[in-house]
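**Student:** Questions regarding the structure given below will be posed in turn.
Readers should treat all values here as calculations from the given coordinates under stated rules, not as data from a laboratory. Because the structure is a prediction, the values reported are computed rather than measured. Glycine gets a Cβ as well: all are built from the backbone with ideal geometry, and neighbour counts include every protein chain shown.
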Amino acid sequence: MSYAQGDDFEEMWTSLAPLGRAPDGSYQRLAWSDAELSCRDWFRRQARLRNMLLDEDRNGNLWAWWGEPGAGAIVTGSHLDSVPGGGGFDGPLGVVSAFAAVDRLARRYGQPPKPLAVVDFADEEGGRFGVACAGSRLMTGQVDPCALLARTDRSGVTLAEAMTAAGFDPSRCGADPGRVSKIAAFVELHIEQGRTLDHLGAPVGVAAAVWPHGRWRFDFTGQADHAGTTRIVDRRDPLIPAAHLILDARAQAEAAEALATVGRVEVNPGATNAVASRASVWLDARAPSAETVRNLVESIRVASVQRCSHHRVALVASEESWSDGASFPAALQERLVASVRAVLGDVPRLTTGAGHDAAVLAAQVPTAMLFVRNPTGVSHDRAESASMQDCLRGVDALSAVLAALLDDAGGLSDVPAPAADRAGSPSAVATR
Ligand code: GLV
Ligand code: MN
Ligand code: MN
């Protein structure tokens, strides 16, 4: 079936915008929730409009193919899920721009010179089950499917149950090397999650590297008791070492020139007039090198063990998610810079502390990223933004990059194999 032009960028943006949007303008598109399933339906509709072949892989990632799926494919896209209370651009901008770019390429080429796919990676944020980039990590064999499928959300629903409820068979989940081997290059366009482009006056940037990062859970268990009758010295209050951990994480991260964030705390039973019995604290830590992240988290854990012993509180610490950093192949970066420069002028290179499916794929596939200016610099919040003019410049940039890759008869032969290229860690500063 021949390609049919779909909705233009603004129409796509307008039709996607209401899905999962809360009255305050923030987004709640948690993986496999009704809101995110409606975004997946939106993706299917966009594929159908264009006569693209829709292909749901064994890990729940959605692919829309221009041309027959096959070896040497150029792939672009991002994700449609959000963090709790997220913004509208983180993820969707890359998917909408991908469809808009394919429309332009179809007008230019008529027939695809190589297979090209738009992808929506499942559960990038890990906002429900705690593991970042679940769909791309399952596909590339970087996470154990059994352990991941058994993880629960805040209501105790497992990922396997959530998939089943959505009509997806979780027993299919697992590494998909055949699919990965067909990808000649993956390019993800993403909203910038900082203000570097805004400061530089540039609408679009090229990613140089992504910092390694991870998520840890600290469970503090003490003894619940009466707030009015329990002497301070007799208390085993888990919130006291939990509070110290939050402050200590920040202080130690500052000293290590790293980032550490506690954005989620749960306290049980959560009564105003009772000492808590348990407190759980989730820590996100990031730095230019994996060693710095690991040393930082270990040092925070050791300090917390000492506090816990002083307060007679038990501590269990566990790693929930780990993401290797990535340095994107220099030759591919050069190609992006040249393609974007030809349509938009000078283009800066940025290193980011934010995680992306592109960084996961970079371990196995030549991978690159484009960033679009975000004037507020804010992300994971409704204040995340980009002007329509910059979004369309992003489509210009992505179309130029994809055209260069489609025209490349050399088959990316100058781009080194990912394993060789990934030695070393990002060294530039994060974008914010
Ligand atoms: C996702 O955006 C992350 O960086 O955690
Ligand atoms: Mn995000
Ligand atoms: Mn994202």
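**Student:** What do the square roots of 5 times the Cα gyration tensor eigenvalues come to for the chain, in whole Å, largest first, as semi-axes of the equivalent ellipsoid?
**Tutor:** Working: eigenvalues 319, 107, 78 Å².
Over the Cα atoms of the chain, the ellipsoid semi-axes are 40, 23, 20 Å.
**Student:** Here's something else I'd like to know. Once a ≥ b ≥ c are taken as the square roots of the eigenvalues of the Cα gyration tensor of the range 82-215, is the result rounded (a/c under 1.5), prolate (a/b larger than b/c) or oblate (a/b not larger than b/c)? Intermediate values should be presented prior to the final figure.
**Tutor:** Working: a/c = 1.99, a/b = 1.33, b/c = 1.49.
Taking the square roots of the gyration eigenvalues as a ≥ b ≥ c, the range 82-215 is oblate.
**Student:** In the chain, what % of DSSP beta bridges are antiparallel (nearest 5)?
**Tutor:** For the chain, the DSSP antiparallel bridge percentage is about 70.
**Student:** Once every DSSP H run of n ≥ 4 in the chain is given -39500 (n - 2.57) and the sum is divided by its residues, what mean residue ellipticity at 222 nm do you get, rounded to the nearest 500 deg cm²/dmol?
**Tutor:** Theoretical 222 nm ellipticity from helices: -10500 deg cm²/dmol.
**Student:** While we're here: Can you give me the orientation-averaged projected area of the convex hull built on the Cα atoms of the range 239-286, in nm²?
**Tutor:** Details: hull surface 13.0 nm².
Directional mean of the projected Cα hull area for the range 239-286 stands at 3.3 nm².
**Student:** Dipole magnitude of the range 136-293 about its Cα centre, charges +1 at Lys/Arg Cβ and -1 at Asp/Glu Cβ only, in debye to the nearest 20?
**Tutor:** Roughly 200 debye, rounded to the nearest 20.
**Student:** Then there's this: Give me the number: length gained by fully extending N295 to L53, i.e. 0.36 nm times residue separation minus the C-alpha to C-alpha distance, one decimal in nm.
**Tutor:** 82.5 nm
**Student:** Given an 8 Å cut-off on Cα distances and at least 6 residues of separation, report the relative contact order of the chain as a percent.
**Tutor:** Relative contact order, the chain: 20 percent.
**Student:** I would also like to ask the following. What percent of all Cα-Cα pairs in the range 214-323 falls into each 5 Å bin, going from 0 up to the bin containing the maximum distance?
**Tutor:** For the range 214-323, the pair-distance distribution reads 2, 13, 24, 22, 16, 11, 6, 4, 1, 0.
**Student:** Still on this model: Can you tell me the order of 313-321, 22-30 when each peptide is scored by its average per-residue count of other Cβ atoms within 10 angstrom, highest first?
**Tutor:** So the order, starting with the most tightly packed, is 22-30, 313-321.
**Student:** Taking the alpha-carbon centroid of each part, what is the distance from the range 1-70 to the range 226-288 in angstrom?
**Tutor:** 40
**Student:** Rounded to the nearest 20 Debye, what is the dipole magnitude of the range 214-323 about its Cα centre when Lys and Arg each give +1 and Asp and Glu each give -1 at the C-beta?
**Tutor:** In total the dipole reaches around 240 debye.
**Student:** What order do you get for 62-70, 161-169 when each peptide is scored by the mean count of other beta carbon atoms within 10 Å, highest first?
**Tutor:** The most tightly packed comes first, giving 62-70, 161-169.
**Student:** Can you put K114, K182 in order of Cβ neighbours within 10 angstrom, beginning with the fewest?
**Tutor:** Ordered by Cβ neighbours within 10 Å, fewest first: K182, K114.
**Student:** Answer with one residue from I246, A224, A314: the one whose Cα lies farthest towards the positive end of the charge dipole of the range 214-323, charges on Cβ with Lys, Arg +1 and Asp, Glu -1.
**Tutor:** The listed residue farthest towards the positive side: A224.
**Student:** Along the charge dipole of the chain, pointing to its positive end and built from +1/-1 on Cβ of Lys, Arg, Asp and Glu, which listed residue (V206, L116, A303) has its Cα farthest out?
**Tutor:** Final value for the positive-end residue is A303.
**Student:** Given Cβ point charges of +1 (Lys, Arg) and -1 (Asp, Glu) and nothing else, what value in debye, to the nearest 20, does the dipole of the range 67-171 about its Cα centre take? If you can, show how the numbers build up before the last one.
**Tutor:** Details: 8 positive and 12 negative charges, 81 e Å.
With only Lys, Arg, Asp and Glu charged at Cβ, the dipole is about 380 debye.
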